[in-house]
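> So that we are looking at the same thing, I have put the structure below in structure tokens.
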Amino acid sequence: MSGLQFRVAAAAALVLLGLLGWLGLSPGWAVAMLQEHARNQLGRSFEAQGGARLAFAPELSIRLERPSLAGPQGQDGPFMTAKALRLPVSLWQLVTRSPDLSAMKLEDPEFAFLVDERGQANWEFAAVKTPSALRIAVEHGRLRYFDARNGQSLDVSNANAIAQVNADGAISLNGTTEIGGWLARIAADLKSLARVHGDGSPLDLSVGTAEAAATFSGRLSTAKILSLAGPVTLASPDFRAAARWGGIPAEDAPSYLTLSVSGALDSAGRAFAIRQAEVALDQLQASGELVIDLRGAVPKLQAALSTARLRLDPFLPDSGAEPGDWGTAPLGFEVLKSFDAEVTVETPAFAYAGLAAFPARAVLTLAKGRLQAAIATNAFGDARLETVADAGVTPPAFSLSLEAGDAEALLGGLGGIAWLRGPSTVAIEISGSGRNQQEIIGTLKGKAMVSASNGSLVGPDLEDLFGAVSQRIIEGWGTSGKTDFTSLSASFTLADGIATTRDIKLQSPSFAVTADGEADMLRRALDLKAEPRLAAGDKGSAAHLPVPVIVKGPWGTPRLYPDIKDILLNPAAAFGQLKTMGLPAGN
């Protein structure tokens with residue numbers, strides 16, 4: 001290249017650099033262009049308080065600092081503010097001052113959708129010209145909704161999305177946003193922004209995370225209050241995650257519970273009713289009505305459901321109990337403070353533990369951390385069960401009230417008491433406190449009563465036991481016998497986990513027994529003194545024992561022996577003493 005050519009090229013380069021520098025330092029014309037565009041197509045004023053400059057990364061664009069779009073005349077506050085607005089341009093568009101205004105990017109924008117006291121919405125635009133389609137890329141955006149008529153508000157933050165705004169007011173949006181502290185995928189198609197504050201606009205919406213997903217297809221309206229009406233679905237492989245979406249901590253819920261809900265959504269503000277709802281919670285399949293009210297300090301759930309079968313076991317907290325031991329795992333009472341509830345469930349087949357399925361109506365009420373559950377059924381002689389768990393006190397309190405006209409079936413399934421047969425009744429009123437099962441058992445107080453007639457005790461043969469106790473120390477009740485009786489009754493008073501009785505009575509054609517003493521519920525141990533009166537018969541038993549019989553030790557395998565001093569230290573001498581009384585004693 002000759003010197004002349006070099007000087008010409010250098011001069012051209014300097015001219016080009018000067019031109020680009022001038023364009024970069026003085027793209028103020030872009031602000032004026034957007035101001036005119038906003039007036040014509042939206043009927044609003046536009047400002048860029050930080051002015052405009054040329055940006056080269058991540059792409060060539062005109063960058064407007066601190067832009068804002070005003071609200072309608074008569075309303076305070078802008079409709080939109082942002083950290084920056086970027087207009088991607090080509091070099092030719094820059095030189096010719098003809099940027100494409102149908103595509104822009106907003107950094108940290110905030111959209112304020114407001115309804116004032118007069119019911120005027122700030123997203124109702126008075127366009128001079130027919131608006132053109134617009135594609136907006138939103139980075140870290142926020143959407144606020146507030147209705148001054150009723151104080152209703154909504155806040156969606158950390159949104160990254162692409163919004164397509166069509167000339168007819170239809171809006172399509174795809175991206176991610178933050179919901180309840182979770183990053184969620186969101187896709188929405190709104191038919192008409194202008195109709196939202198009128199007769200309502202059709203809306204298709206889907207929101208999802210790895211933990212839960214929801215879809216809605218219906219109508220959105222703000223004419224009186226922000227409301228949705230139309231089919232909705234919610235599904236989650238983890239019930240705890242779905243609860244967190246509703247602001248309810250449920251970490252103590254079983255991890256395996258799945259949830260799905262579908263029905264016709266009818267919302268008013270922050271109250272959501274689902275009519276003709278189909279609910280699946282793990283193995284529970286139910287239908288009915290649901291209402292979730294988020295207007296108060298804590299969420300409230302109301303439900304009236306029916307189900308073909310309700311098995312309670314999967315929904316109770318794991319106490320950590322092992323065979324022979326009470327549970328020490330925390331029972332999660334704190335979750336009761338997180339929401340309120342009024343739930344009714346009716347089923348022809350209620351089941352729990354070893355209870356056979358039976359028709360029942362369950363009513364659950366939860367308020368201010370106090371849960372009250374009542375189950376009524378015409379099974380088990382018109383049984384009634386009520387429990388209360390109160391997390392509003394320290395330590396948490398628990399109570400149980402039970403009445404049944406058929407104690408045999410109820411106690412057999414509910415408590416594993418399978419040795420009672422025959423017509424019987426039971427009544428229990430107990431309470432305790434603690435954070436786990438063991439603590440509650442150790443603080444039990446109250447009363448209990450059971451009575452039966454013309455039945456039997458399956459397992460122990462009391463006539464044999466009390467007949468043999470004059471000859472040897474008995475270990476355990478035995479499991480292969482049976483004791484028939486004409487009547488049986490017992491009542492207990494509980495305090496500090498100890499059940500005290502003074503009136504155990506059993507009567508049969510061949511013998512009678514009265515007993516008193518204590519049952520240590522926490523240690524699962526008995527300390528009773530029995531007075532058997534045995535009739536002489538084929539088994540060679542005496543008419544009666546001259547001393548009481550002690551029943552002491554673990555309630556499954558207690559020791560039975562005559563109440564003679566030092567019998568456990570020197571049984572031979574003790575049984576010899578019985579022999580002097582005329583009894584066939586031995587060791």
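> Touching a Lys or Arg at 6+ places or on another chain (Cβ under 6 Å), part of a strand (DSSP E or B) and over 23 Å from Asp168 (Cα atoms): which single residue out of Arg142, Arg63 fits that description?
Arg63
> So, of the residues in the stretch 314-346 that are in a strand (DSSP E or B) and open to solvent by 40 Å² or more (accessible area, probe 1.4 Å), which turns out to be nearest to Val291 (Cα to Cα)?
Glu342
> Name the single residue that is nearest to Gly405 (Cα to Cα) among those in the stretch 430-457 being crowded, with 18+ Cβ neighbours inside 10 Å and of a type in the set (D, E, K, R).
Filtering the stretch 430-457 for residues that are crowded, with 18+ Cβ neighbours inside 10 Å and of a type in the set (D, E, K, R), the one nearest to Gly405 (Cα to Cα) comes out as Glu439.
> Sticking with this one: Could you grab me the full set of residues in the stretch 372-388 that are within 22 Å of the chain's Cα centre (by Cα) and buried (at least 19 other Cβ atoms within 10 Å of the Cβ)?
Hit for the stretch 372-388 is Ile375, nothing else.
> Just for the stretch 489-498: of the residues that are in a strand (DSSP E or B) and free of Cβ contacts under 8 Å to residues at least 60 places away in the same chain, which one is most open to solvent (accessible area, probe 1.4 Å)?
Thr493
> Going through Asp520, Asp503 one at a time, which residue ends up being in contact (Cβ under 8 Å) with a residue 12 or more places away in the chain and over 16 Å from Ile440 (Cα atoms)? Full working, then the answer.
Numbers: Asp520 fails: over 16 Å from Ile440 (Cα atoms).
Exactly one residue qualifies, and that residue is Asp503.
> When you scan the stretch 82-92, do you find a residue that is open to solvent by 20 Å² or more (accessible area, probe 1.4 Å), free of Cβ contacts under 8 Å to residues at least 60 places away in the same chain and part of a loop (DSSP other than H, G, I, E, B), even just one?
Yes, because at least one residue in the stretch 82-92 is open to solvent by 20 Å² or more (accessible area, probe 1.4 Å), free of Cβ contacts under 8 Å to residues at least 60 places away in the same chain and part of a loop (DSSP other than H, G, I, E, B).
> Being under 12 Å from Arg270 (Cα atoms), more than 13 Å from the chain's Cα centre (by Cα) and either part of a strand (DSSP E or B) or at pLDDT 95 or above (or both) is the filter here, so list the residues in the stretch 290-305 that pass it.
Matches in the stretch 290-305: Val291, Asp293.
> Within the bounds of the stretch 154-175, is there any residue that is under 17 Å from Ala268 (Cα atoms) and either part of a loop (DSSP other than H, G, I, E, B) or touching a Cys at 6+ places or on another chain (Cβ under 6 Å) (or both)?
no
> Working carefully through the options Leu205, Leu190, Leu154, Leu226, find the one that is within 24 Å of the chain's Cα centre (by Cα) and on the phi < 0 side of the Ramachandran plot.
Result of the check over Leu205, Leu190, Leu154, Leu226: Leu154.
> Now a separate question. Which ones in the stretch 229-244 are modelled with pLDDT of 90 or more, open to solvent by less than 30 Å² (accessible area, probe 1.4 Å) and either on the phi < 0 side of the Ramachandran plot or assigned to a loop (DSSP other than H, G, I, E, B) (or both)?
Looking only at the stretch 229-244, we keep the residues that are modelled with pLDDT of 90 or more, and these are 229-235.
In the following step, the residues that additionally are open to solvent by less than 30 Å² (accessible area, probe 1.4 Å) were identified as 230, 232.
Residue satisfying the conditions is Val232 alone.
> Pull out all pairs, ordered by first then second residue, where Cβ-Cβ is under 7 Å, the residues are six or more apart or on different chains, the first lies in the stretch 335-360 and is at positive phi, and the second is small (Gly, Ala, Ser) and open to solvent by less than 30 Å² (accessible area, probe 1.4 Å).
So the pair list comes out as Ala353/Gly413.
> Kindly evaluate Asp108 against the criterion of being open to solvent by 60 Å² or more (accessible area, probe 1.4 Å) and free of Cβ contacts under 8 Å to residues at least 12 places away in the same chain.
In short, no.
> Suppose we filter the stretch 173-184 for residues that are open to solvent by 40 Å² or more (accessible area, probe 1.4 Å) and either over 18 Å from Arg142 (Cβ atoms) or modelled with pLDDT of 95 or more (or both); how many remain?
Step one: filter the stretch 173-184 for residues open to solvent by 40 Å² or more (accessible area, probe 1.4 Å), giving 173-174, 176, 178-183.
After this cut, where a residue has to be either over 18 Å from Arg142 (Cβ atoms) or modelled with pLDDT of 95 or more (or both) as well, the list is 173-174, 176.
Total meeting the criteria: 3.
> Then there's this: Can you pull out the residues in the stretch 210-224 that are crowded, with 16+ Cβ neighbours inside 10 Å, out of contact with any Ser or Thr (no Cβ under 9 Å at 6 or more places or on another chain) and not in a strand (DSSP E or B)?
Scanning the stretch 210-224 gives a single hit, Thr222.
> Do you know which residues across the stretch 458-484 are open to solvent by less than 30 Å² (accessible area, probe 1.4 Å), part of a strand (DSSP E or B) and without any contact (Cβ under 8 Å) to a residue 40 or more places away in the chain?
Listed by number, the residues that qualify are Gly481, Thr483.
The values are calculated or read from the model by the stated rules, or taken from the named source; none is laboratory data. Please read all numbers here as calculations on a predicted model, not as lab measurements. No Cβ is skipped: glycine too gets one built from the backbone with ideal geometry, and neighbour counts run over all protein chains shown. Calculation scope for accessible area: heavy atoms of the full protein, side chains included, ligands and nucleic acids excluded. Shrake-Rupley method; radii C 1.70, N 1.55, O 1.52, S 1.80 Å.
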